[in-house]
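The next block holds one structure in the form of structure tokens; read it before the comments.
Please treat every number below as a calculation from the coordinates, not as lab data. What you are looking at is a predicted structure, and each value in this text was computed from that prediction instead of being measured. As a convention, Cβ positions derive from the backbone with ideal geometry for all residues, glycine included, and neighbour counts pool all protein chains shown.
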Amino acid sequence: MEKAKAADAIEIEITASSRRGVLGAVVLVFPKHLLAEFASGFAPTEYDMLTISGLTAVVVISTASVVLP
């Protein structure tokens with residue numbers, strides 16, 4: 001009985017994860033031309049600031065605990 005519940009939970013999670021991945025890809029495909037035009041106007045200093053901001057965001061997100069006890 002418990003194995004059946006676990007298998008059902010895993011199946012639901014795999015299906016939901018797959019759907020979210022496809023939806024995320026579709027959402028990113030549509031505005032790609034607008035993002036490309038916007039990014040083509042960047043100067044080297046703006047690329048540097050974008051890189052620093054991205055790295056800072058990764059550090060902040062990875063050090064924060066998402067699930068608190």
Based solely on its DSSP helices, what 222 nm [θ] is calculated for the chain when runs of n ≥ 4 H residues each add -39,500 (n - 2.57) and the sum is averaged over all residues, nearest 500 deg cm²/dmol? -28000 deg cm²/dmol
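Under the 0.36 nm per residue contour assumption, what length would be gained going from the current alpha-carbon distance of Ala36 and Ala9 to full extension? Before the final figure, lay out each step's value.
Values: separation 27, 0.36 × 27 = 9.72 nm, distance 3.97 nm.
Gain in length upon complete extension: 5.8 nm.
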Each label point is 7 Å from the Cα along the Cα-to-Cβ direction; what then is the distance between the points at Thr45 and Arg20, in nm? 4.0 nm
Over the Cα atoms of the chain, Rg to Rh with Kirkwood Rh, two decimal places? 1.20
